[in-house]
Amino acid sequence: MDFTAVLAQIKPKLGCVADNLKTVEEQIIKARESGAELIVFPELALSGYFLKDLVPDAALRSDSPEIRRLIELSRGISIAIGFVEETDDYHFFNSALYLEDGAIRHLHRKVYLPTYGLFDEQRYLARGTTFRAFDTKFGRFGMLICEDMWHLSASYILAMDGATTLICLSSSPARGIEGDSLGSAAAWQKLTSTTALFLNCRVLYSNRVGFEDGVNFWGGSEYVAPSGESIVRGALLEVDFITAQVDEGALRRERIFSPMIRDENLFVTMQDLQRIAQERGR
Amino acid sequence: MSGLQANMELLRKLLVGFVRDEVRKVGLNRIVLGLSGGIDSALVAFIAAEALGPENVHAICMPYKTSNPESEAHARLVATASGINFSVVPITTMVDAYFEIFPDATNMRRGNKMARERMTILFDHSALLGALVLGTSNKTELLLGYGTLYGDMASALNPIGDIYKSHVWQLSAEMGVPHEVIEKQPSADLWAGQTDEEELGFTYRQVDELLYRMVDQRWTRQELVTGGFEAEFVDAISAKIQNSHFKRRLPVIAKVSNRTIDRDFRYARDWGK
């Protein structure tokens, strides 16, 4: 079905869950009043990104009052949002929730925690172990958190699991001033476009803005159609509220014109991956 | 292929946004900086004026009696062109009073003392004005260790610490820094006729080309030599980076507890901001 999605390009405050929750609620109300049916927030929207030793202090259980409040709000609009999740056995995950009609429809825990360059996630956070598609009012979705999307297998698994919409929640730092456009933005735009094109999926990419200790998050949230075309893109480096009119017909037509996913041979892929795993000795 | 040709529009947006965001998030709206008459502090003044409005930027020129009078004139020119507040606080009496006790001090000791004297004035004005001190050391200087620890290297925020001198020239032209300041020879201005490039023994352009490949692109020594850099130059610069690394780190703390500051007590500076 056609639906209207909002990409909430916000600027979370580092370690200030109450302040961020307030911002998030305001955005949800604004989106709902504008007639949107889905709102997508960035990665770690409730906590900020470079948490380091703040991780346990900024973490929330899925049954915490803060998350219950968001679940309540999802009766009026579907919500995808990133936060630090604390589990019963005291592990801390970089997680994303998909909330709809007053219930948690899906919880994704970031699998690929980058620990190179300026990143240090795996020092502080536990790794997720699965990618799984799930059903929503708007069709079958898959969620990825930032670095997850740089692993082809992650999007591939979700597409094979039937997802036709990929949501990517992101806190991507700005870097690379040599080219015509920002290096990290150009790389991401290639990635979202190519992923959509390869998998005949639409991509809803929500990236934050603001600075943390001199590191800028560049924004540029976008809705990419299954053809790989960027339909709407948010401002670079500035807070924004992006409305995307998501067209079901475009998905259907693309899947008729370029039925690569229909023709994808899961059996061949599995057979070869199993052979490779065996040859590597595990 | 030079990566030293940067996208000026983007760089300007990033650095102006950095100053605006990082100053305001601590609940302030003003900055103070030392204006030497040179290009680095001139560029930072222009960035700050664009970020916070020139009325919120306070520049202080702090000449010593041997400073070239042209430096103060250029500092004034920059203040007028950018519209920022400007004052002059000479450091001659303080510095001379100290060296009366140590009349045999070398030029290096005198230069360091002057840099640290200026630092105390800037941080005093930080308290006086409710303003953050902006740093003016560029990436070339920081990597080479060509600065005084706790002197000109001290600041609350440094907008230009990740751009090379070559970028400073380009961005200064883009932002309207007066051409007299852009075109003159860079100098620490400790004695008459001193220039950075003479003292360092190479030009900023030469060393920026090397540093960009060595640091940003992580070329190996072999790749650098094959790429046309003289082996002696590569080795000398590598040694400079390594030997000055202490200047780029916090003081080393003897670890005895389970949570030592900065080692296993780790928080961003923007903690709660």
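The table below lists the values:
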{"read-out": "Test for B:Ala81: is it more than 20 Å from the chain's Cα centre (by Cα), closer than 22 Å to B:Arg116 by Cα, away from chain A (no Cβ under 14 Å) and open to solvent by 40 Å² or more (accessible area, probe 1.4 Å)", "value": "no"}
{"read-out": "Residues of the stretch B:25-49 satisfying the condition of being within 14 Å of chain A (Cβ to nearest Cβ) and either of a type outside the set (Lys, Arg) or open to solvent by less than 20 Å² (accessible area, probe 1.4 Å) (or both)", "value": "B:Val26, B:Gly27, B:Ile47"}
{"read-out": "Residue among A:Ala174, A:Ala187 that alone is at negative phi, open to solvent by 10 Å² or more (accessible area, probe 1.4 Å) and within 14 Å of chain B (Cβ to nearest Cβ)", "value": "A:Ala174"}
{"read-out": "Matching option when the condition is under 22 Å from B:Ser166 (Cβ atoms) and either touching a residue at least 24 places away in the same chain (Cβ under 8 Å) or within 14 Å of chain A (Cβ to nearest Cβ) (or both), among B:Glu22, B:Glu9", "value": "B:Glu9"}
{"read-out": "Identity of the residue in the stretch A:25-42, outside any strand (DSSP E or B) and under 16 Å from the mean Cα position of the chain (by Cα), that ends up nearest to the other protein chains (Cβ to nearest Cβ)", "value": "A:Pro42"}
{"read-out": "Those residues of the stretch A:45-67 which are more than 14 Å from chain B (Cβ to nearest Cβ), in a helix (DSSP H, G or I) and not hydrophobic (A, V, I, L, M, F, W, C), in sequence order", "value": "A:Pro65, A:Glu66"}
{"read-out": "Failed item in (1) within 29 Å of A:Leu118 (Cα to Cα); (2) touching a residue at least 24 places away in the same chain (Cβ under 8 Å); (3) open to solvent by less than 40 Å² (accessible area, probe 1.4 Å), with A:Thr194 passing the rest", "value": "(3)"}
{"read-out": "Criterion violated by B:Pro90 - all others in (1) open to solvent by less than 20 Å² (accessible area, probe 1.4 Å); (2) part of a loop (DSSP other than H, G, I, E, B) satisfied", "value": "(1)"}
{"read-out": "Per-region count, the stretch A:220-262, residues without any contact (Cβ under 8 Å) to a residue 12 or more places away in the chain and over 24 Å from A:Phe138 (Cα atoms)", "value": "0"}
{"read-out": "Sole exception among (1) closer than 30 Å to B:Tyr164 by Cα; (2) touching a Lys or Arg at 6+ places or on another chain (Cβ under 9 Å); (3) hydroxyl-bearing (Ser, Thr, Tyr) for A:Ser181, by number", "value": "(2)"}
{"read-out": "B:Ala239, sole failed condition from (1) open to solvent by 50 Å² or more (accessible area, probe 1.4 Å); (2) of a type outside the set (Asp, Glu); (3) in a helix (DSSP H, G or I); (4) free of Cβ contacts under 8 Å to residues at least 12 places away in the same chain", "value": "(1)"}
{"read-out": "Selection from the stretch A:225-282 of residues that are away from chain B (no Cβ under 14 Å), open to solvent by 80 Å² or more (accessible area, probe 1.4 Å), acidic (Asp, Glu) and under 30 Å from A:Ile10 (Cβ atoms)", "value": "A:Glu229"}
{"read-out": "Selection status of B:Gly53, open to solvent by less than 40 Å² (accessible area, probe 1.4 Å) and free of Cβ contacts under 8 Å to residues at least 24 places away in the same chain", "value": "yes"}
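Let's see how each residue does on (1) in contact with a Lys or Arg (Cβ under 6 Å, 6 or more places away or on another chain); (2) modelled with pLDDT under 95; (3) of a type in the set (Asp, Glu); (4) farther than 22 Å from B:Gly37 by Cβ:
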| position | (1), (2), (3), (4) |
| --- | --- |
| B:Asp189 | no, yes, yes, no |
| B:Ala192 | no, yes, no, no |
| B:Glu209 | no, no, yes, yes |
| B:Leu250 | no, yes, no, yes |
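Here is a yes/no grid of residues against (1) among the hydrophobic types (A, V, I, L, M, F, W, C); (2) over 19 Å from A:Leu7 (Cα atoms):
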site	(1), (2)
A:Lys22	no, no
A:Gly35	no, no
A:Leu38	yes, no
A:Ala59	yes, yes
A:Arg68	no, yes
A:Ala80	yes, no
A:Glu86	no, yes
A:Tyr98	no, no
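The values are calculated or read from the model by the stated rules, or taken from the named source; none is laboratory data. Small disclaimer: the values here were computed from a predicted structure and weren't measured. Ideal geometry is used to build each Cβ from the backbone, glycine not excepted, and the neighbour counts take in all protein chains shown. For the accessible areas, the whole protein counts, side chains as well, though only heavy atoms, and no ligand, DNA or RNA atoms are used. Shrake-Rupley method; radii C 1.70, N 1.55, O 1.52, S 1.80 Å.
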